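The values are calculated or read from the model by the stated rules, or taken from the named source; none is laboratory data. Quick caveat: nothing in here was measured; it's all calculated off a predicted structure. Cβ atoms come from the backbone with ideal geometry, glycine included; neighbour counts cover every protein chain shown.
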Amino acid sequence: MRILPLFLAVFLSAFASAAEKPNIVFILADDLGIGDVRCFNPDGKIATPNMDRLAAGGMKFTDAHTPSAVCTPTRYGLLTGRYNWRTKLQSGVLGGLSPRLIEQGRLTVAQMLKDEGYATACVGKWHLGMDWAKHEGKAVEELNIEKPEQVWSVDFTKPIANGPNAVGFDYYFGIAASLDMVPYTFIENDHVTKVPTKEIAFPMMTDRENGGQTRKGPAAEGFEAVDVLPTLAGVASGWITTAAKQKRPFFLYLPLNAPHTPINPLPEWKGKSGLNAYGDFVMQVDAAVGTVLAALDEAGVAKDTLVVLTSDNGCSPQAKFDELRAKGHDPSAGFRGHKADIFEGGHRVPFIVRWPGKVKPGASVADIVCLTDFMATAAEIAGVKIPANAAEDSVSFLPALLGTDGPKRTTLVSHSINGSFAIRDGNMKLCLCAGSGGWSVPKPGTPAEKDLPADQLYDLAADRAESKNLAAEKPDAVKRLSELLDKTIADGRSTPGAPQKNAVEIRVRKEAKAARKR
């Protein structure tokens, strides 16, 4: 028998190990409500055949949540496995010109998989900050959307530092932030594909004379908002085709720009839903998902690929809830509130996982899942031991996928756009604010909120609409959940392990306590 040279045996062993690891495609829709996907809401009026087909071939999680009810913080939690409020961003979102939010040295799921031999790419909306070269004496907002007078503070001809390539992605193509924020140009790796030379704004919803406009600012010649979604789907599909030819697994993170504003479906989708432009745009998003799934099929790798599809928060009121509900469609599927809110409609989202040969087709699971859990799940799939100072709020849902025994998430900390907290343990949910913490009534600081109790306690098993506040009836539950939140903040993690305290979290804890006393 011929004995292989040691180096060759090691190489082949590593190759065999890599070959056993699945490709991973994570599709993150932008502002897609749980009620917008037909398989989660049979009463919904929007056709979503591709998402439904994905669910039929995989598993639905019916109690899945984003860590925040808005864009930037959710994306931070997804890529780091850490609650966003542990960072210096305590409310709101970044702008398109904001500096990098992910801390230097913090492990991301992309870097973790790259270190394990994966080819990695991000195609889509970043919205986690990157370090643009600024003109001398000019500034941009660090933790907020840039002011109108700051939109030309950046020298767009210079390379961009500390973008997606700096946190583990081999390749990046997309836009800096939401498509209602500057700059209006595509970015490839560390540079814009076309330097902005003019100013432009887009209608927030197509064909509306009085629907408002996006922020006016720098735009590249020929850049049109309507082209972004099909461009991202096309680039992602092309990358899959190329990556599938390599002899190693790949990870594609595909954060779409839609159906977030500007709500601008292509002409061939207008009127398709019979609802309004938002309904049409959701149908186009579903078609974009279909394009990516088709690319996996055509490359012959669908059977070897784990696909996740979800949203970064609930549906935005920009979708015109009144119009949709008048025609029988509820983007929140009966849950209270919408994007930005501490209520379920702000952070309960569709969540689908397909993994041929591993996940039972057509399965539905009621386990609590948070988008922060993706990192621990990916680590377990790849056989990686997560360092003690990473993924502090990530619980693997691999046991649920495989139908095996294993630790499950039982608690969840949620965060609204204004920094309000909620904590859930089992079916009991405590909101540490009097109102929505976001954009729905009762809005923070309004007369409607003024005389309401400081805390809200709901039993989600009996009251999914969060209509009956049990705080006065169950003071022991309020106390227990408040103390659990204090501990979660103070420990610097919600998963087992050594405490990871830092100055930001100590301040968060003090401010959360002060808010409850008020």
### Task
With a cut-off of at least 1 residues that are out of contact with any Phe, Trp or Tyr (no Cβ under 6 Å at 6 or more places or on another chain) and free of Cβ contacts under 8 Å to residues at least 24 places away in the same chain, name the strands (runs of 3 or more DSSP E) lying wholly within the range 158-240.
198-200
### Task
Pairs only if they're at least six apart or on different chains, beta carbon under 6 angstrom, first in the range 133-149 and assigned by TED's automatic domain parsing to the domain that holds VAL182, second outside any loop (DSSP other than H, G, I, E, B); list them, first residue then second.
LYS134/VAL154; VAL140/GLN150
### Message
Can you find a residue that is acidic (Asp, Glu) and in a strand (DSSP E or B) anywhere in the range 130-143?
### Response
yes
## Note on the structure
Pairs returned, first residue in the range 19-48 that is in a strand (DSSP E or B), second residue that is of a type in the set (Gly, Ala, Ser) and buried (at least 22 other Cβ atoms within 10 Å of the Cβ), beta-carbon separation under 6 angstrom, 6 or more apart or interchain, are ALA29/SER311
### Query
Quick check: is even one residue across the range 498-507 surrounded by 21 or more Cβ atoms within 10 Å (Cβ to Cβ) and over 24 Å from the mean Cα position of the chain (by Cα)?
no
### Message
I'd like to know if the range 305-321 contains one or more residues that are part of a strand (DSSP E or B), farther than 18 Å from LEU371 by Cα and among the β-branched types (Val, Ile, Thr).
### Response
yes
## Note on the structure
Exactly one of LEU432, LEU470, LEU481, LEU485 is closer than 17 Å to GLY346 by Cβ, of a type outside the set (Ser, Thr, Tyr) and not assigned by TED's automatic domain parsing to the domain that holds ALA366, and that one is LEU432
## Note on the structure
Over the range 112-128, the set of residues in contact with a strand residue (DSSP E or B) (Cβ under 8 Å, 6 or more places away or on another chain) and of a type outside the set (S, T, N, Q) is LEU113, LYS114, TYR118, ALA119, ALA121, CYS122, VAL123, GLY124, LYS125, TRP126, HIS127
### Message
For the range 345-399, which positions are assigned by TED's automatic domain parsing to the domain that holds PRO67, in a loop (DSSP other than H, G, I, E, B) and under 16 Å from THR66 (Cβ atoms)?
### Response
VAL349, PRO350, LEU371, THR372
### Task
Tell me, yes or no, whether the range 98-113 has at least one residue that is surrounded by fewer than 21 Cβ atoms within 10 Å (Cβ to Cβ), farther than 27 Å from LYS385 by Cβ and not β-branched (Val, Ile, Thr).
yes
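Okay, residues lined up against (1) under 19 Å from the mean Cα position of the chain (by Cα); (2) buried (at least 23 other Cβ atoms within 10 Å of the Cβ); (3) touching a residue at least 40 places away in the same chain (Cβ under 8 Å); (4) under 26 Å from TRP239 (Cβ atoms):
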position: ASN276; (1), (2), (3), (4): no, no, yes, no
position: PRO331; (1), (2), (3), (4): yes, yes, yes, no
position: MET375; (1), (2), (3), (4): yes, yes, yes, yes
position: GLU380; (1), (2), (3), (4): no, no, no, yes
### Message
Looking only at residues that are in contact with a Ser or Thr (Cβ under 8 Å, 6 or more places away or on another chain) and not aliphatic (A, V, I, L, M) in the range 39-60, which one is nearest to GLY328 (Cα to Cα)?
### Response
LYS45
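Okay, residues lined up against (1) crowded, with 23+ Cβ neighbours inside 10 Å; (2) in contact with a Ser or Thr (Cβ under 8 Å, 6 or more places away or on another chain):
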position: VAL282; (1), (2): yes, yes
position: ALA299; (1), (2): no, yes
position: ASP312; (1), (2): yes, yes
position: ARG325; (1), (2): no, no
### Query
What is the one condition in (1) within 30 Å of GLY271 (Cα to Cα); (2) among the hydroxyl-bearing types (Ser, Thr, Tyr); (3) over 17 Å from the mean Cα position of the chain (by Cα) that SER98 does not satisfy?
(1)
